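Following: one structure in structure tokens, then a few remarks.
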Amino acid sequence: MIKRILLSALACLTGSTIFAMSAGAAPVFQMRLADEAQSSDSERMTYVTHYDQHIVTNVYYVQKAVLLDETALKSAKAGEDALGHSIIDITFTDAGAKRFAEVTRKNLHKRLAIIIDGQIYEVPVIQSEISGGKAQITGSFSKKEGKDLANRISDAAKRK
């Protein structure tokens, strides 16, 4: 069974379109810690979600240090969960799996920004160590959006 990064209550309820603003071009896939308080080693990014005709904007200060990037990935594949919601299954390389387990173990109850193409895609709270070399990105994206996103991530993993 694939362990999931459990999202904060707000992230569990948020809607389909997620945008972010960040300075400069970034690699296709990154995982970095995020906080609501600014620090000298962070950059400001906005995370906008749509939920029941409401737009919610959150500002996070994302650490500049990249914990994982596309080099840690083996593949990404679009799919559906048991309720038919779109998901993206991520498989890590052996080294990536070890690093992801270490990152989740050492950063319990902190936010982990998942950044794709320079945009925050999700900002879940790490609830437990996630070992086994697999993870899921969940959200309210369409099947086509999930497939396109999984293809971009998987293509980036192949280019490393």
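Read-outs throughout are calculated quantities, based only on the coordinates presented, and are distinct from any laboratory measurement. The model shown is predicted, which means the values in this text are computed figures rather than measured ones. Because the Cβ atoms are built from the backbone with ideal geometry, glycine has one as well, and the counts that use them run over all protein chains shown.
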### Summary
Two pseudo-spin positions, 7 Å from Cα along C-beta at H50 and at L108, lie apart in nanometres by 3.8 nm
### Task
Rounded, prolate or oblate: pick one for the range 9-159, where a ≥ b ≥ c are the square roots of the eigenvalues of its C-alpha gyration tensor, a/c under 1.5 means rounded, and failing that, prolate if a/b is larger than b/c, else oblate.
rounded
### Under 27 Å from K98, Cα to Cα: lysines that are on another chain or at least 8 residues apart
K3, K64, K74, K77, K106, K110, K134, K147, K158, K160
## Note on the structure
Any residue on another chain or 5+ positions along whose placed amide H is under 5 Å from the amide H of A113 is listed here as R32, L33, A34
### Cα-based shape type of the range 88-160, given that a ≥ b ≥ c are square roots of the gyration tensor eigenvalues and the cut on a/c is 1.5
oblate
### Summary
Placing each pseudo-label 7 Å from Cα in the direction of the beta carbon, R159 and K143 end up separated by a distance in nanometres of 2.8 nm
#### Entry: Cα→Cβ-extended label distance, 7 Å offset, between Q38 and H85, nm
3.4 nm
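Which shape class applies to the range 43-110: rounded if a/c is under 1.5, otherwise prolate when a/b exceeds b/c and oblate if not, where a ≥ b ≥ c are the square roots of the Cα gyration tensor eigenvalues? List each step's numbers first, then the result.
Numbers: a/c = 2.24, a/b = 1.20, b/c = 1.87.
Because a/c hits 1.5 or more and a/b fails to exceed b/c, the range 43-110 counts as oblate.
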